[in-house]
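Peer 1: Sharing a structure here in structure tokens format.
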Amino acid sequence: MNEMKELWEHFTEIMRLSYIGELLGWDQQVNMPKGSVKGRAEQHALIRKLIHSRIKSDKTGELIKNAKKLDNLSETELAMIREAKREYKHATRIPDDLVLEIAKTASLGNMNWQKAREKKDFSIFKPFLKKMINLRIKYAEHLNTGPTLYSTLLDIYEPGSTYEWYSKIFNALKSKLIKIITKLDNSSDKPDQSILKKYYDPEKQWQMSIEIIKKLNFDFNIGRQDKSTHPFTASLSSIDTRITTRIWENFLPACIFGTIHECGHALYEMGFKEEIQDSLLAEGTSLGIHESQSRLWENIVGRSEEFWTYWYPKFQKTFPENLKGYSMEEFYRSMNVVQPSFIRVEADEVTYGLHIILRFELEKMIIEENIQVDELPGLWNEKMEELLGITPPDDAEGILQDPHWGGDFGYFPTYALGNLYGAQIYNEALKEMPNLAEDFKKGEFKNLLDYLNENVYQYGKIYRPSDLIKRISGEDLNPDYFIKRIEEKFYPIYNL
């Protein structure tokens, strides 16, 4: 079995180069001086070039060929060969200079996106966005794995997906979400969010965020939390997972739910079984499944009444002046206001999907319909009005709110899949553990984590997303679980 061992070790070395790239990215967003971006861009490009050249090498092709000849391979070994073939196929189709140019442009683009957002000036980011769009179109043309250019990009992040597959899901989801939002908006007893918009001491918010993720079993022995402009998770090895959050002193949920969200990603990364750690299989099986875990912990757990039964008294002690006179029910309802808003990462569970559908529809136009970059801010605002009934006051709360388009297209739609996968997986967890809500009331989350480790986390990429959800639930991805959950949760909150 030396052939399999050689293939495994070859890709483990490649993964470790990738972790170095992650470290560079983490440092750029957390610690690096702003004036150092050009040097960092060159370092990113070099790492990407080294990774790309090793994956596309003749050695990789030979190792895969030899491993495929072996008999009696385990499920894990077969998955390793499958993923190695996918990586090799992708790498051999993409020219080295294109990989280099994308890496440089993404690094420079991220820093200029931050400047543009701070100054609310799209023109600062525009040349980098224009260049990245052209580069990603070229990338899709070379890769050519899907029926359309956009399908090719979608498949990178959600293996097996196409534009048509997403469209079928999103078209049905869009109409159902709009119907629910309209019904909630017609309620005569809406929750009041003003309780959350007082001044909350940033240091105390930080301390509470740390306490929460400790309770959620985030392992600080192999992880840490820092602050950044946009919250994210970075894995620097299978035993080094880092998350960031951001703190808004006049809006409590930004820090609390941003932290829980990234903690969900981290718990997935921390849960890979030892057999696959630091290997090609030591990643989430797709970004949709990965997002299902961040949104499961953030929304299904973190925004639940039972969660706040445990945590609200502690918040009252930490912020006594802000919360005195407010009942637990008032606070819980305030945490679950459904209201169209400009910023995706601060959106509620119900309207969030429409934020993603907006980006999905725009990405299709950008990649396949020759939309000009100058048109994008206006198109963004039109879509916001169409789907959510609001128009951003400036580009910082519109097209500049996310960093993703500085490097990636096809990524955003996986966020909406996360809601759907998460609801379906949690539904199965409840069948095995119908008393989970009672655990949450006591600040106990290990039973849920154990279930997720057993059924999702430990496997990494051993199972493709479509196989994993069927293995867990016995059926394909089914959006009805998500729709049922939000109806059963929000209609009572709005006294409907």
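Peer 1: From the list 175, 187, exactly one residue is outside any helix (DSSP H, G or I), closer than 27 Å to residue 420 by Cβ and out of contact with any Pro (no Cβ under 8 Å at 6 or more places or on another chain). Which is it?
Peer 2: Just one listed residue meets the conditions, 187.
Peer 1: Only one of 287, 296, 267, 280 is under 12 Å from residue 456 (Cα atoms) and modelled with pLDDT of 95 or more. Can you tell me which?
Peer 2: 267
Peer 1: To continue, here is another question. So, residue 496, is that one farther than 30 Å from residue 77 by Cα and among the aliphatic types (A, V, I, L, M) or not?
Peer 2: Here the answer is yes, as residue 496 does meet what is asked.
Let's see how each residue does on (1) within 25 Å of the chain's Cα centre (by Cα); (2) surrounded by fewer than 18 Cβ atoms within 10 Å (Cβ to Cβ); (3) in contact (Cβ under 8 Å) with a residue 40 or more places away in the chain; (4) under 19 Å from residue 50 (Cβ atoms):
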| residue | (1), (2), (3), (4) |
| --- | --- |
| 80 | yes, no, yes, no |
| 90 | yes, no, yes, yes |
| 93 | no, yes, yes, yes |
| 99 | yes, no, yes, yes |
| 110 | yes, no, yes, no |
| 117 | yes, no, yes, no |
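Peer 1: Within region 470-493, is even one residue in a helix (DSSP H, G or I), closer than 27 Å to residue 278 by Cβ and either within 23 Å of the chain's Cα centre (by Cα) or not polar (S, T, N, Q) (or both)?
Peer 2: Yes, there is a match, as at least one residue in region 470-493 is in a helix (DSSP H, G or I), closer than 27 Å to residue 278 by Cβ and either within 23 Å of the chain's Cα centre (by Cα) or not polar (S, T, N, Q) (or both).
Peer 1: Which residues, counting only those in region 7-38, are closer than 30 Å to residue 78 by Cα and touching a His at 6+ places or on another chain (Cβ under 7 Å)?
Peer 2: Listed by number, the list holds a single entry, 21.
Peer 1: Evaluate the following for residue 324: is it over 28 Å from residue 353 (Cα atoms), of a type in the set (Lys, Arg) and at pLDDT 95 or above?
Peer 2: Against the criterion (over 28 Å from residue 353 (Cα atoms), of a type in the set (Lys, Arg) and at pLDDT 95 or above), residue 324 does not qualify.
Peer 1: So, residue 294, is that one under 26 Å from residue 171 (Cβ atoms), small (Gly, Ala, Ser) and crowded, with 22+ Cβ neighbours inside 10 Å or not?
Peer 2: In short, yes.
Peer 1: Suppose we filter region 31-49 for residues that are within 24 Å of residue 245 (Cβ to Cβ) and not in a loop (DSSP other than H, G, I, E, B); how many remain?
Peer 2: Total meeting the criteria: 5.
Peer 1: I'm checking my understanding of the structure. Among residues of region 460-496 that are farther than 30 Å from residue 211 by Cβ and among the aromatic types (Phe, Trp, Tyr), which one is surrounded by the fewest Cβ atoms within 10 Å (Cβ to Cβ)?
Peer 2: 491
Peer 1: OK, next. Do we find that residue 53 is over 18 Å from residue 92 (Cβ atoms), out of contact with any Ser or Thr (no Cβ under 6 Å at 6 or more places or on another chain), among the hydroxyl-bearing types (Ser, Thr, Tyr) and part of a helix (DSSP H, G or I) in this structure?
Peer 2: In short, no.
Peer 1: Just a yes or no: is a residue in region 310-332 under 21 Å from the mean Cα position of the chain (by Cα) and either surrounded by 23 or more Cβ atoms within 10 Å (Cβ to Cβ) or more than 28 Å from residue 158 (Cβ to Cβ) (or both)?
Peer 2: Here is the first cut: in region 310-332, the ones under 21 Å from the mean Cα position of the chain (by Cα) are none.
Scanning region 310-332, I find no residue that is under 21 Å from the mean Cα position of the chain (by Cα) and either surrounded by 23 or more Cβ atoms within 10 Å (Cβ to Cβ) or more than 28 Å from residue 158 (Cβ to Cβ) (or both), so the answer is no.
Peer 1: Something else about it: If the Cβ limit is 8 Å and pairs must be 6+ apart or interchain, which residue in region 166-192 that is more than 30 Å from residue 148 (Cα to Cα) pairs with which residue that is basic (Lys, Arg) and not in a helix (DSSP H, G or I)?
Peer 2: 184/190
Peer 1: Then there's this: Does residue 457 meet the test of being surrounded by 15 or more Cβ atoms within 10 Å (Cβ to Cβ) and free of Cβ contacts under 8 Å to residues at least 24 places away in the same chain?
Peer 2: no
Peer 1: Would you mind stating whether residue 152 is over 26 Å from residue 418 (Cβ atoms), in contact with a Gly (Cβ under 9 Å, 6 or more places away or on another chain) and either outside the structural domain of residue 487 (by TED's automatic domain parsing) or assigned to a helix (DSSP H, G or I) (or both)?
Peer 2: No, not satisfied.
The values are calculated or read from the model by the stated rules, or taken from the named source; none is laboratory data. These numbers were taken from a predicted model, which means no experiment stands behind them. So basically every Cβ, Gly included, is an ideal-geometry build from the backbone, and we count neighbours across all protein chains shown.
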